[in-house]
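Read through the structure below, which is laid out as structure tokens, and then see the notes.
The values are calculated or read from the model by the stated rules, or taken from the named source; none is laboratory data. Just so you know, these numbers come straight off a predicted model, no measurement behind them. Cβ coordinates were reconstructed from backbone atoms using ideal geometry, including for glycine residues, and neighbour counts include every protein chain displayed.
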Amino acid sequence: MNFTSTVLLAFAMATDAFAAAIGKGATLSKPRLREALRIGIIFGVIEAITPVIGWALGRTAARYVSEWDHWIAFTLLAILGLRMIRAGLTEPKPDAAKPDSHSFWLIAVTGFATSIDAMAVGVGLAFMNVNIVFTAAAIGLATLSMVTLGVMLGRVLGSVAGRSAEILGGVLLIGIGAFILYEHLSQPGIGGVVLR
């Protein structure tokens, strides 16, 4: 996976956290940069750890499925992308009770919930030749940046921009999965057809 694909993957992985951050920002009376950075750091650390866990799980199984690895990566990314698009197209349920403050545990649980897809992507990455440390760090930094921005913009933008970002992230994931499949199938000697 090249640098551009890694950056696109990182920002695609951060879009659901961005959507959640906009919601968090909307519950604050006046979002401050310090609070936004705190939330961004928590989300970013969690989002950087989960793909490494998924990658480790995937590496354990990699030798058993090496002939199908590109299809597995494509399928996982496509399913996650479709799930993100569906979530972005679904009308959010009205919130009856908004939290008064953002405790560490509330942020951590939300961060973990939005990083499940990053763990699944980590499983897919185990079947490819990637530097997992660099990829996880890119995902973490992208998440930190987008969550911090999302919290600050939350009061102004509301949930509409968050849903649009989730749809865009889903499209990017499907595109990356398709590129991985194309890249693998177009290499001679790896079960693919040489495309000219």
Residues of region 19-41 that turn out to be at pLDDT 85 or above and buried (at least 20 other Cβ atoms within 10 Å of the Cβ), as a count: 3
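Among the residues of region 131-163 satisfying the criterion of being modelled with pLDDT under 75 and surrounded by fewer than 16 Cβ atoms within 10 Å (Cβ to Cβ), which is nearest to residue 37 (Cα to Cα)?
The initial filter retains those residues of region 131-163 that are modelled with pLDDT under 75, namely 155-163.
Then keep just the ones that are surrounded by fewer than 16 Cβ atoms within 10 Å (Cβ to Cβ); that gives 155-156, 158-160.
Values: 155: 16, 156: 18, 158: 19, 159: 20, 160: 22 Å.
So, considering only residues that are modelled with pLDDT under 75 and surrounded by fewer than 16 Cβ atoms within 10 Å (Cβ to Cβ), the one nearest to residue 37 (Cα to Cα) is 155.
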Subset of region 56-74 that is over 17 Å from residue 1 (Cα atoms) and among the charged types (D, E, K, R) - its residue that is modelled with the highest pLDDT: 67
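If the requirement is being crowded, with 20+ Cβ neighbours inside 10 Å, modelled with pLDDT of 80 or more and touching a Leu at 6+ places or on another chain (Cβ under 7 Å), which of these qualifies: 124, 81?
Working: 81 fails: modelled with pLDDT of 80 or more.
Going through 124, 81 in turn, the sole match is 124.
Criterion first (β-branched (Val, Ile, Thr), surrounded by fewer than 23 Cβ atoms within 10 Å (Cβ to Cβ), at pLDDT 85 or above and within 14 Å of residue 142 (Cα to Cα)) does residue 53 satisfy it? Can you show your working first?
On the way: β-branched (Val, Ile, Thr): yes; surrounded by fewer than 23 Cβ atoms within 10 Å (Cβ to Cβ): yes; at pLDDT 85 or above: yes; within 14 Å of residue 142 (Cα to Cα): no.
For residue 53, the condition - β-branched (Val, Ile, Thr), surrounded by fewer than 23 Cβ atoms within 10 Å (Cβ to Cβ), at pLDDT 85 or above and within 14 Å of residue 142 (Cα to Cα) - is not met.
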Filter result for residue 118 (at pLDDT 80 or above, over 13 Å from the mean Cα position of the chain (by Cα) and surrounded by 20 or more Cβ atoms within 10 Å (Cβ to Cβ)): no
Verdict on residue 47 being at pLDDT below 90 and part of a helix (DSSP H, G or I): no
